[in-house]
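First the structure, in the form of structure tokens, and then the observations on it.
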Number of protein chains: 2
Amino acid sequence: MKKSLGARTLVYPNPVFLVGTYDPAGKANVMTAAWAGICCSKPPCVAVSLRKATYSHGSIVHRRAFTISIPSVAQVREADYAGLASGRSEDKIAAMHLTAVKSELCDAPYLAEAPVVLECKLAHTFELGLHTQFVGEILDVKAEEEVLGESGLPDIARVRPLIYSSGNQSYYAVGERVAQAFSVGRR
Amino acid sequence: MKKSLGARTLVYPNPVFLVGTYDPAGKANVMTAAWAGICCSKPPCVAVSLRKATYSHGSIVHRRAFTISIPSVAQVREADYAGLASGRSEDKIAAMHLTAVKSELCDAPYLAEAPVVLECKLAHTFELGLHTQFVGEILDVKAEEEVLGESGLPDIARVRPLIYSSGNQSYYAVGERVAQAFSVGRR
């Protein structure tokens, strides 16, 4: 029997992405976003939704670019801090003792320490209400060689990304492999 | 040292959602989507991206509504099948021996057997390229009482949602709880 919980932002899982930007003065910043996901295959695009009140919002509007650094479970403190502090008043990347790398493909920085990063140019800006959805065209994905699997692509078990559960406001790790996609459902 | 992997749709994690629709004739259908996520808090909205070639795409355009049924790990065969077959030629819900429930809030059906479902009315339609992004305003979230935690909201460890890893095209389970959000990052 299903119970009604009301109109809420509850889905499982949500990602944990660190959105990298330069502000108008050129200071590198990152903020945490969970309202995000891939939204198109051709051109490859990823969407991140930010409140207009955030400092990063203005930076994306100004620079028309952003990156996504995917933190690992080992970086959970940094991932949480980057969602609590504001780049308006703090140098978050310095405070976390992390390293901003200037993208050669777009006008935004990514974190050297993140296992996987995406470099994006702003393709669309959609005003949805409290949040603005920024759709970025993915220009390149870069990954640490140590997280690559046999296929040459990142192995999720080596990336060890964080999952955000909005119901209890907690971070989780990825668990066991369940099945092969485009296979287990065939008769 | 980071290695360039090219312009690809690689993020970790992706969700696994079953998008529920009625076609113009009133037949209930579900299709699997991983290019999806929450995109606004007020009004609460969720985005799902579907290729124009899918049968569900036309149904959302026609009915201006959809649901999201979140499958559990135990429903991985069904979740995969619903992404392989087309509602144009098959009655997927009957083939899976699942039950379509007509939403009382929007013109779309959800799966009785899913632990968590969202009922959405179409708010925006964005053409991004190969994929169309449908933004739905979440009218209600419903969950099985057995997956609710102490807070009264779904406990991700009881929902046991699937994670899609696009790198190796595999499904994963959620693992251990890592930390409390809006807390672990405070000094």
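With the structure loaded, tell me whether B:E78 is loosely packed, with under 15 Cβ neighbours inside 10 Å, out of contact with any Asp or Glu (no Cβ under 7 Å at 6 or more places or on another chain) and either at the interface with chain A (Cβ under 9 Å from one of its Cβ atoms) or within 24 Å of B:P43 (Cα to Cα) (or both) or whether it fails that test. Considered against the rule, which asks whether it is loosely packed, with under 15 Cβ neighbours inside 10 Å, out of contact with any Asp or Glu (no Cβ under 7 Å at 6 or more places or on another chain) and either at the interface with chain A (Cβ under 9 Å from one of its Cβ atoms) or within 24 Å of B:P43 (Cα to Cα) (or both), B:E78 comes out as no. For A:A85, the test of being more than 13 Å from A:F17 (Cβ to Cβ), more than 11 Å from every other protein chain (Cβ to nearest Cβ) and not hydroxyl-bearing (S, T, Y) is failed.
For B:F66, the conditions (1) in contact with a helix residue (DSSP H, G or I) (Cβ under 6 Å, 6 or more places away or on another chain); (2) buried (at least 23 other Cβ atoms within 10 Å of the Cβ); (3) within 13 Å of chain A (Cβ to nearest Cβ) all hold with the exception of (3). At least 1 residues that are touching a Cys at 6+ places or on another chain (Cβ under 9 Å) and either modelled with pLDDT of 95 or more or acidic (D, E) (or both) in each: list the strands (runs of 3 or more DSSP E) lying fully within segment B:1-93 that qualify. Ranges flagged: B:36-40, B:45-51, B:65-70.
The sole residue among B:S59, B:S41 that is hydroxyl-bearing (S, T, Y) and away from chain A (no Cβ under 11 Å) is B:S59.
For segment B:81-99, the set of residues classified as loosely packed, with under 15 Cβ neighbours inside 10 Å and among the hydrophobic types (A, V, I, L, M, F, W, C) consists of B:A94, B:A95, listed by residue number. Looking across segment A:105-134, the residues that are hydroxyl-bearing (S, T, Y) and surrounded by fewer than 21 Cβ atoms within 10 Å (Cβ to Cβ) come down to A:T125, A:T132.
Within segment A:148-176, being crowded, with 20+ Cβ neighbours inside 10 Å, assigned to a strand (DSSP E or B) and in contact (Cβ under 8 Å) with a residue 60 or more places away in the chain holds for A:P161, A:I163, A:Y164, A:S165, A:Y171, A:Y172. The set of residues in segment B:41-93 that are basic (K, R) and either farther than 29 Å from A:A34 by Cβ or in contact (Cβ under 8 Å) with a residue 12 or more places away in the chain (or both) comprises B:R51, B:K52, B:R63, B:R64, B:R88, B:K92. Within segment A:137-147, not a single residue is assigned to a loop (DSSP other than H, G, I, E, B) and touching a residue at least 60 places away in the same chain (Cβ under 8 Å). If you filter segment A:44-56 down to residues that are of a type in the set (A, V, I, L, M, F, W, C) and more than 7 Å from chain B (Cβ to nearest Cβ), you find that the one that is nearest to the chain's Cα centre (by Cα) is A:V48. Report yes if A:K102 is basic (K, R), crowded, with 16+ Cβ neighbours inside 10 Å and either more than 13 Å from A:T21 (Cα to Cα) or more than 9 Å from chain B (Cβ to nearest Cβ) (or both), otherwise no. When the stated conditions are applied, A:K102 does not pass them.
The number of residues in segment A:156-182 being more than 7 Å from chain B (Cβ to nearest Cβ) and of a type outside the set (K, R) comes to 2.
Scan segment B:22-29 and give yes if some residue there is crowded, with 24+ Cβ neighbours inside 10 Å and facing another protein chain (nearest Cβ under 7 Å), otherwise no. Checking segment B:22-29: not a single residue is crowded, with 24+ Cβ neighbours inside 10 Å and facing another protein chain (nearest Cβ under 7 Å). Considering the conditions (1) hydrophobic (A, V, I, L, M, F, W, C); (2) under 14 Å from A:L130 (Cα atoms); (3) without any contact (Cβ under 8 Å) to a residue 12 or more places away in the chain; (4) surrounded by 24 or more Cβ atoms within 10 Å (Cβ to Cβ), A:I38 is excluded by exactly one of them, (2). Conditions: (1) in contact (Cβ under 8 Å) with a residue 24 or more places away in the chain; (2) in a strand (DSSP E or B); (3) surrounded by fewer than 20 Cβ atoms within 10 Å (Cβ to Cβ). A:A179 meets all but one. Number of the miss? Here A:A179 clears every test but (1). Evaluating B:Y12 against the criteria (1) more than 8 Å from chain A (Cβ to nearest Cβ); (2) hydroxyl-bearing (S, T, Y); (3) crowded, with 24+ Cβ neighbours inside 10 Å leaves one unmet condition, (1).
The values are calculated or read from the model by the stated rules, or taken from the named source; none is laboratory data. What you are looking at is a predicted structure, and each value in this text was computed from that prediction instead of being measured. Counting neighbours? That spans all protein chains shown, and the Cβs are built from the backbone with ideal geometry, glycine included.
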